[in-house]
Amino acid sequence: MRVSDKMVYGQINDSLHKSRTGLNDALAKASSQKRVNKPSDDPMSAARVLSYKTEDQNNTQFGKVLTHAKSYLEFSEQSLGELGDVFLRVKELVLGAVNDASTNTDTRRTLAREVKQLYEQIVQVGNRKLAGKFIFGGFGTVEAPFDYKGNYKGDDGEVRVPIDREAFVAVNMPGSRIFLGKDIGSLVQPQPEPRPGTKPGTTLESEVPQSHESTGSGANQRGPASVEEDIKFAASSPRGGPGPNPNKQGINLFGLLRKIELSLEADDKLSLQITLDEIDDAHNQVTLIRSELGSRLMNLNSATESLGKVKVETKSSISQLEDEDAFKSVSDVNKNETTLKATLATSNKMMQPSLLDFLR
Amino acid sequence: MAKINSMMDVGKRAMMNSQTALQTVGHNIANKSTEGFSRQRIETQTNIPISEGRYQVGMGAKTSSVTRINDIFLEKQLRFEGTQLGFEQAKSDAMTRVEQIYNEQMNKGLNQSIGEFFNSFRELATNPESTATRTLVRDTAKFVTKDFAKAVASLRAIQGELDQQVTQQVGQINAFGKEIAQLNEKIAAIEISGAPANDQRDRRDLLIKKMSEMANVRVTEAGNGMISVTVGNSGIIVSGNSSNEITSGRVENKNGREGIRNAIFIQPAVGADPMNITKEIKNGSLGGIFEVRDVAINSLLDDVDELAFSFINGVNGIHRQGFDAFSNPGGALFAPLQNKIEAAQNMGLDAAVAKDPGRIVAGIMPNAPGDNRIANMIGELQQQRVMEQGTTTYDEFYNSIVGKVGIATEKANRSAESQKNIHAQLENIRDSVSGVSLDEEATKMIEFQKTFDASAKLIQTADEMFDTILAMKR
């Protein structure tokens with residue numbers, strides 16, 4: 001083959017260009033430590049990296065939500081613990097009060113005052129706030145859910161927050177359940193609930209909580225639940241054990257305390273005797289709800305733990321898809337450098353000799 | 001019998017031949033690096049001999065012609081592959097730019113801002129009472145609209161730059177056409193005497209090759225050495241010694257989306273209506289530009305609009321079902337749009353929400369500040385398959401666009417690379433045939449110099465012979 005000078009120079013230029021491109025690419029990969037620097041480097045990986053990155057982004061958010069949910073639930077649980085203590089104390093008082101040996105009409109009157117204080121205490125607990133939000137008001141978080149008479153101004157809303165792509169956890173317990181004993185049987189439900197896999201339109205209807213028996217339409221849904229009657233009829237209201245009877249009405253805690261107070265004032269030992277069972281039920285009601293919150297907290301803990309694992313997995317998946325093997329990148333740089341040096345050395349040889357060098 | 005006079009004549013002519021040959025060697029060496037140059041060779045043949053009865057006496061050599069060493073079939077193939085190279089290269093260049101818009105390896109893009117949007121609603125779900133969180137939601141939503149608009153603007157910017165390239169290349173093609181017409185005239189004038197117009201032909205071949213890289217052109221040579229050049233099927237820009245011009249003009253894009261793009265026209269005759277020949281240019285860099293500009297980018301714009309439209313409607317659909325912070329029935333979050341076309345560009349926040357973040361809806365019930373169910377549902381929307389007849393989520397749809405762009409770019413890059421190799425190989429073969437070799441020229445230089453020396457010696461000998469004859473008289 002006839003080799004013209006232009007071919008030689010063209011060849012040299014070409015090989016130098018190729019070696020330099022190769023070295024440049026290898027250096028880019030080695031310095032960024034990334035195999036995929038733009039989608040065309042590996043289109044499939046690039047698209048998958050994006051979805052993993054979204055997941056990573058969401059995991060961070062879920063982490064924040066979990067922290068929030070945990071503090072919310074822990075605070076609620078603490079408050080319920082306090083509530084439980086109140087009823088232990090009430091039981092002590094009532095037990096003492098029905099005993100004629102240790103008490104008389106005067107001491108019962110003193111006890112009535114203590115019960116009144118305890119009543120005020122549970123109203124206070126009912127109006128607990130965390131970060132400016134009333135925790136026992138259902139969706140009504142900006143106004144105190146209970147007034148001094150024990151009227152409930154909140155609703156039955158269950159505030160659920162997303163802790164996962166698919167799962168939500170309820171972070172509150174509406175005061176109507178704890179203090180008024182509403183729907184106490186329906187509490188025993190698994191948490192976190194799986195996400196309903198339906199279209200937004202249909203989930204809507206199914207998620208609207210039935211506020212009360214007297215549910216109005218729209219605007220008056222959040223009207224104060226009529227607890228006035230409950231207080232009056234607390235003594236004769238049908239009550240059942242919290243456990244086995246679902247959807248049975250529980251105890252109205254305010255009504256109970258008020259009744260005890262009145263009985264103490266009136267020196268009505270017989271009524272006091274009857275309330276002893278109700279006090280036990282009230283304590284059970286609080287304990288049951290508390291354990292419910294406890295199990296949600298446990299759920300949250302395991303969710304936090306698995307989120308941590310998922311976070312690591314997501315990161316390592318991203319890394320596997322887009323990161324360059326450090327050893328490979330360095331050896332690639334070396335390889336390309338050697339090639340470039342070889343090209344330069346041979347180019348030097350190819351360019352030098354010409355017939356003209358040998359003519360004198 | 002030979003005459004001393006004719007001996008001197010042979011010597012003189014040999015010297016002249018050598019000089020011509022040496023001049024050609026010099027021409028070759030000087031044009032060693034000239035683009036498109038083919039090395040030239042001097043053709044000598046024996047002069048007409050003189051008959052002297054029973055024998056003939058040779059009368060030396062004469063220069064018959066100076067020809068260029070050139071393979072016209074190779075040139076044709078180079079032209080063809082050059083057209084392909086122009087196409088692939090232009091496509092690869094443009095796609096690399098497009099890819100940058102979808103590159104989220106390094107910078108923040110649409111995928112991330114959509115993710116942030118959904119996360120802002122998850123944040124709202126944990127804190128539906130907070131005005132600060134609502135403001136965050138509003139600002140994040142605003143960023144999403146901005147990022148959509150930015151993606152569209154970037155794609156349109158590339159289209160605009162491709163338009164400028166069209167105008168520029170049209171100008172170049174016209175300049176080449178003009179020069180080819182002038183060369184046609186010169187070549188015809190030179191070759192009518194029988195001498196090949198080497199340098200003019202080299203130049204003309206080079207211009208055709210360069211033109212071919214920009215568009216698919218057809219070249220036909222007439223008997224008188226003139227060529228006619230047609231761009232596409234009907235854009236005759238060179239015919240004989242006259243040249244016509246193609247022009248680039250703005251025409252409305254008939255794709256249903258607003259946008260005026262550069263098209264290519266030719267006026268076939270004076271007074272005739274300009275004819276749009278854009279569709280005929282399917283190859284060369286112009287063909288590549290048209291493909292990316294009118295097919296690839298428009299399809300990406302469709303995708304972005306589809307995503308934006310579905311996103312707006314999906315979010316609004318849920319948002320409208322609840323009540324805002326003031327217990328008013330919820331309105332739209334994004335300003336509702338009628339048309340899918342231009343949705344991404346025209347995307348914006350609803351005026352009421354933009355003014356007051358309290359208009360953002362978090363809950364289903366009125367008078368329930370802690371109600372976060374709408375916020376939860378919007379958060380869940382991220383996982384719902386709402387696009388492409390309920391088969392993909394927003395994220396998946398966008399990610400598949402990124403994959404698509406990546407694949408298209410990778411393919412374009414690879415095609416351009418392999419076409420470059422094919423073209424380089426052909427160039428190499430052409431250089432092997434037509435390129436100048438210094439070694440060869442040096443050898444020839446010595447060869448012709450020696451001939452020159454020897455011829456001079458012959459004349460000297462003849463001169464001495466004359467002297468001998470003149471001396472005989474004394």
>> What pairs come out if I take residues in the stretch B:223-250 that are closer than 11 Å to B:T278 by Cα and pair them with residues that are assigned to a strand (DSSP E or B) and among the basic types (K, R) whose C-beta lies under 9 Å away, six or more apart or interchain?
In response: B:V231/B:R218; B:G232/B:R218; B:N233/B:R218
> Within the stretch B:451-466, is there a residue that is crowded, with 21+ Cβ neighbours inside 10 Å, touching a helix residue (DSSP H, G or I) at 6+ places or on another chain (Cβ under 6 Å), within 8 Å of another protein chain (Cβ to nearest Cβ) and farther than 30 Å from B:G314 by Cα?
Replying inline: no
> If you scan the stretch A:104-140, which residues turn out to be at pLDDT below 90, polar (S, T, N, Q) and not in a helix (DSSP H, G or I)?
Replying inline: A:N104
> Just checking, how many residues over the stretch B:35-70 are at pLDDT below 90, out of contact with any helix residue (DSSP H, G or I) (no Cβ under 8 Å at 6 or more places or on another chain) and hydrophobic (A, V, I, L, M, F, W, C)?
Replying inline: 0
> Can you pull out the residues in the stretch B:152-202 that are among the polar types (S, T, N, Q) and within 24 Å of the chain's Cα centre (by Cα)?
Replying inline: B:S154, B:Q159, B:Q164, B:Q165, B:T167, B:Q168, B:Q169, B:Q172, B:N174
>> Looking for something loosely packed, with under 15 Cβ neighbours inside 10 Å and within 23 Å of B:A215 (Cβ to Cβ) - is there at least one such residue anywhere in the stretch B:277-293?
In response: yes
>> Return the residues of the stretch A:122-158 that are among the acidic types (D, E), facing chain B (nearest Cβ under 10 Å) and without any contact (Cβ under 8 Å) to a residue 40 or more places away in the chain; say none if nothing qualifies.
In response: A:E143
>> Checking A:K149 against (1) outside any loop (DSSP other than H, G, I, E, B); (2) of a type in the set (D, E, K, R); (3) more than 30 Å from B:F397 (Cα to Cα): exactly one of these is not met. Which one?
In response: (1)
> With respect to the numbered conditions (1) within 22 Å of B:V152 (Cα to Cα); (2) more than 14 Å from chain A (Cβ to nearest Cβ); (3) surrounded by fewer than 24 Cβ atoms within 10 Å (Cβ to Cβ), which one is the sole condition not fulfilled by B:G331?
Replying inline: (1)
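For the stretch A:310-360, what are the residues that are within 12 Å of another protein chain (Cβ to nearest Cβ), of a type in the set (D, E) and within 53 Å of the chain's Cα centre (by Cα)?
Passing the criteria: A:E322, A:D323.
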> Can you tell me how many residues in the stretch B:434-445 are more than 7 Å from chain A (Cβ to nearest Cβ) and either within 37 Å of the chain's Cα centre (by Cα) or of a type in the set (G, A, S) (or both)?
Replying inline: 3
> Across the stretch A:33-59, what is the total count of residues that are without any contact (Cβ under 8 Å) to a residue 12 or more places away in the chain and of a type in the set (S, T, N, Q)?
Replying inline: 5
> Restricting attention to the stretch A:293-333, which residues are within 30 Å of A:E92 (Cα to Cα) and surrounded by fewer than 19 Cβ atoms within 10 Å (Cβ to Cβ)?
Replying inline: A:G294, A:S295
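Take the residues in the stretch B:364-378 that are in contact (Cβ under 8 Å) with a residue 60 or more places away in the chain and under 17 Å from A:F168 (Cβ atoms); name whichever of them is nearest to the chain's Cα centre (by Cα).
Step one: list which residues in the stretch B:364-378 are in contact (Cβ under 8 Å) with a residue 60 or more places away in the chain, which gives B:369-372, B:375-376, B:378.
The next check asks that each one be under 17 Å from A:F168 (Cβ atoms); those that pass are B:370-372, B:375-376, B:378.
Values: B:G370: 61, B:D371: 59, B:N372: 56, B:A375: 50, B:N376: 51, B:I378: 46 Å.
Checking each candidate, the answer is B:I378.
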>> Just checking, does the stretch A:192-209 include any residue being more than 22 Å from A:F254 (Cα to Cα), within 14 Å of chain B (Cβ to nearest Cβ), at pLDDT 90 or above and assigned to a loop (DSSP other than H, G, I, E, B)?
In response: no
> Which of the residues spanning the stretch B:296-334 are among the small types (G, A, S) and assigned to a helix (DSSP H, G or I)?
Replying inline: B:A296, B:S299, B:A308, B:S310, B:G314, B:G317
>> Return the residues of the stretch B:382-412 that are out of contact with any Lys or Arg (no Cβ under 9 Å at 6 or more places or on another chain) and within 7 Å of chain A (Cβ to nearest Cβ); say none if nothing qualifies.
In response: B:D395, B:S400, B:V402, B:V405, B:I407, B:E410
> Which one of these is outside any helix (DSSP H, G or I), facing chain B (nearest Cβ under 9 Å) and surrounded by 21 or more Cβ atoms within 10 Å (Cβ to Cβ): A:V36, A:V3?
Replying inline: A:V36
> Of A:A26, A:A69, A:A47, which residue is out of contact with any Asp or Glu (no Cβ under 6 Å at 6 or more places or on another chain) and either more than 9 Å from chain B (Cβ to nearest Cβ) or over 30 Å from A:T287 (Cα atoms) (or both)?
Replying inline: A:A47
> Quick check: is even one residue across the stretch B:77-88 more than 30 Å from the chain's Cα centre (by Cα), at pLDDT 95 or above and surrounded by 21 or more Cβ atoms within 10 Å (Cβ to Cβ)?
Replying inline: no
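The values are calculated or read from the model by the stated rules, or taken from the named source; none is laboratory data. Please read all numbers here as calculations on a predicted model, not as lab measurements. Cβ sites come from the backbone with ideal geometry, for glycine too, and all protein chains shown count toward neighbours.
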